[in-house]
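Shown next, in structure tokens, is the structure this report addresses.
The values are calculated or read from the model by the stated rules, or taken from the named source; none is laboratory data. Since this is a predicted model, take the numbers as computed values, not measurements. All Cβ positions, glycine included, derive from the backbone under ideal geometry; neighbour counts span all protein chains shown.
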Amino acid sequence: MSWRRMLKCFTVSATLCVASAFTHPTTEFSKHKLRFPYQKMGLTPQQAAAHLLSRFTFGATPGQIDQVVSMGLEKWFQQQLDASLPDDEVNKRLSGYDALSLSNEDIANTYVNQGQIIKLLQKEYQLPKDSLVKDNKELIKSLMKKYGLKPPQELYRQLINQKIIRAAYGNNQLQEVLTNFWFNHFNVSLTKNQCAPYILTYERDAIRPNVLGSFETMLEATAKHPAMLEYLDNASSVSNDNAQSRKQQNKVMARRAEQKMEETMNDPKVSPIVKQALAARKTQGLNENYAREIMELHTLGVDGGYTQHDVTEVARALTGWGIVPLIKDTPGRNFFDAAKRENMEKNGFVFEGDFMFKANKHDENEKVILGQKFPANVGYAEGIRVLHMLADHPSTAKFICKKLAVHFVSDHPSDALVNQMAAVFLQSKGNIKAVLTAMVNSTEFWSKDALREKIKSPFELAISSVRATQADVQQPYQLFLWASKMGEKFYYYQAPTGFPDKASYWINTGSLLSRMNFGLAFATEKIPGIKLNLKALNDNHEPESVDAALVAYSNILLPQRNNEENIKRLTQLIHSDNVEEKINSAASKNKPADAADDDMMSESDKAHRKNENAALSRKNKAFNVSYAMGNNSMIGQVTGVIIGSPEFQRR
């Protein structure tokens, strides 16, 4: 079979997978017990364990299916719901990641952007206000060394690497799968500079601890976090009306401040960056971005029964929700002493970690949201009431439960299943564990139509490859580069929608080629920093032929599946004349480029990338010699083709 034919078969398989219907009756649900009806649906314990692992982990590891059967499927799932298994391997691999435990304030004043650098240059060396970074590189190096400052790219690399390590090696797999799911639901993006420094703590503090708890708790945690406040501009949303109700002296002060701002804007000595910040401050007013997205994307859904009037009213209710000043003008400076904070609290300000409710920026007037009246002069409490109302709404229950069912069951879950889960959501006040229990106790989850119905995203493909082969990932960032090339540059998705969760988004001719290239490069150890011992997966036995290897490693990498048809398709590809050329191309022509390349990149980061590229070049040469000598390259080729095959793409 030709390479094009192989891709066409892949496309047809994926299309059939998406098109499968999903109509099954509802089942009884017990909020206290896990009762899996897989036998009723004609599955063996081994088949059921494989399905359970495909949905609630990033991929089964060798022998894990038998371990789950031996333990008991319900007991294994309960362990995952508890999310309390030790993670020694993860902790060991993350031991050198110094940014993971930092506060937002420490991050904001350690991983500095160009605006901060300019301000420090001006203060430290008495440079003119229009100084530029590119003209003072040596001074910047000295300044950063003096104060222990680092470029943002080093922070982003740690953020990306820790996600890969946790997903690949974590024992609490359901927690990691849900962290990925809920981050995508409450998406923020590294593409927006204002929120980028806070994304590490956003995932760490607002998402991961709440993924198996209360939906309302997570909704509030995301709403108050600096990353979300900056990403959807709620940190700058202030009342349009309150200025009219202020005392006359405040109006006089406002006019004086406006006059001073105009003078500054017209001063040619003031840097463009400062003028840009002042211009943004001048145009501050009511911003509806977050109000719209919290209803459309986070809670009610686009058909959730709200109007544009409700969007405006929610935006007014959330005015004044902002951030404690985190970026210091001078290293070591504190913005608020205890006396000042206490006085602000007496005037209605609220401080909670890095969150600050600015009472003087809040719309104090009466509001009507979704038919409910919100009286005037309530302040911070009315925003909390809005979040509670949205979290507890029937439309939210249905919208959230459908997203969960789409992710864990099929691209097209039945209305009956969604309604069943939504009823549990409302009954349990948004308890995520209860909703997942209802889903996994349903017959629809265990239907044979649901088996392997979902298509892996690029991130899921990369991590499942690591887990299936027990690979040693020494340079996690390389997997990020490959996932990006395959279409999923995680943490960088710009739209608040997050990545779509359907096969039709992930599968096309270009992505299929990239996936096959990834499989070949991965399995033949042509990705720097990825080490495999493929013989160990087969009890250190080397198959006698390519055909024998294809059968053996299909059973290892795709357990509890009918591999006969997939093996037939792959046999023709394995025996094609130019398979070696395709393997070399997979790691050379298709090598992703590192996007982190600008004036703010540290010398150590640049050196690290240079070493990665040099290692890739050496590995390409070493592989060519190895191939010519017949040194175990056959197993890598076979494994790579299996990983790139249609069947491995399914979960």
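Quick notes on this structure:
- Candidates Leu286, Leu326, filtered to the one that is at pLDDT below 95 and either out of contact with any Phe, Trp or Tyr (no Cβ under 8 Å at 6 or more places or on another chain) or of a type in the set (Lys, Arg) (or both): Leu326
For every residue, the table says whether it meets (1) among the hydroxyl-bearing types (Ser, Thr, Tyr); (2) surrounded by fewer than 21 Cβ atoms within 10 Å (Cβ to Cβ).
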| residue | (1), (2) |
| --- | --- |
| Leu461 | no, no |
| Ser465 | yes, no |
| Lys485 | no, yes |
| Gly510 | no, yes |
| Leu534 | no, no |
| Asn538 | no, yes |
| Ser545 | yes, yes |
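- Selection from segment 295-315 of residues that are touching a residue at least 60 places away in the same chain (Cβ under 8 Å), outside any helix (DSSP H, G or I) and under 12 Å from Gly371 (Cα atoms): Gly305, Tyr306
- Number of the condition not met by Pro413 [criteria: (1) assigned to a loop (DSSP other than H, G, I, E, B); (2) over 21 Å from Phe77 (Cβ atoms)]: (2)
- Helices (runs of 4 or more DSSP H) fully within segment 492-584 that include at least 2 residues being modelled with pLDDT of 95 or more: 509-523, 534-537, 546-557.
- Within segment 18-76, considering residues that are aromatic (Phe, Trp, Tyr) and within 29 Å of Ala423 (Cβ to Cβ), the one modelled with the lowest pLDDT: Phe22
- Test: residue in segment 322-337 that is in contact with a Lys or Arg (Cβ under 8 Å, 6 or more places away or on another chain), more than 30 Å from Val435 (Cα to Cα) and among the β-branched types (Val, Ile, Thr): yes
- Among the numbered conditions (1) touching a residue at least 12 places away in the same chain (Cβ under 8 Å); (2) among the hydrophobic types (A, V, I, L, M, F, W, C); (3) within 20 Å of His225 (Cα to Cα), the only one that Phe349 does not meet is (1).
- When each of Ser442, Ser447, Ser457, Ser395 is tested for being out of contact with any Lys or Arg (no Cβ under 6 Å at 6 or more places or on another chain), among the hydroxyl-bearing types (Ser, Thr, Tyr) and under 30 Å from Trp482 (Cα atoms), the lone residue that passes is Ser457.
- The helices (runs of 4 or more DSSP H) found wholly in segment 106-222 and carrying at least 1 residues that are of a type in the set (Ser, Thr, Tyr) and free of Cβ contacts under 8 Å to residues at least 60 places away in the same chain occupy 114-125, 137-147, 173-185.
- Residue, farthest from Val409 (Cα to Cα), within segment 466-503, restricted to residues that are touching a strand residue (DSSP E or B) at 6+ places or on another chain (Cβ under 9 Å) and of a type in the set (Gly, Ala, Ser): Ala471
- Residue match in segment 379-386 (condition: assigned to a helix (DSSP H, G or I) and closer than 22 Å to Ser504 by Cβ): no
- Segment 65-94, residues that are in contact (Cβ under 8 Å) with a residue 12 or more places away in the chain and under 15 Å from Pro559 (Cβ atoms): Ile65, Asp66, Val68, Val69
- Any hit, segment 446-466, residues being assigned to a helix (DSSP H, G or I) and over 30 Å from Thr524 (Cβ atoms): yes
- Of all residues in segment 405-446, those that are farther than 18 Å from Leu34 by Cα and of a type in the set (Asp, Glu) total 2.
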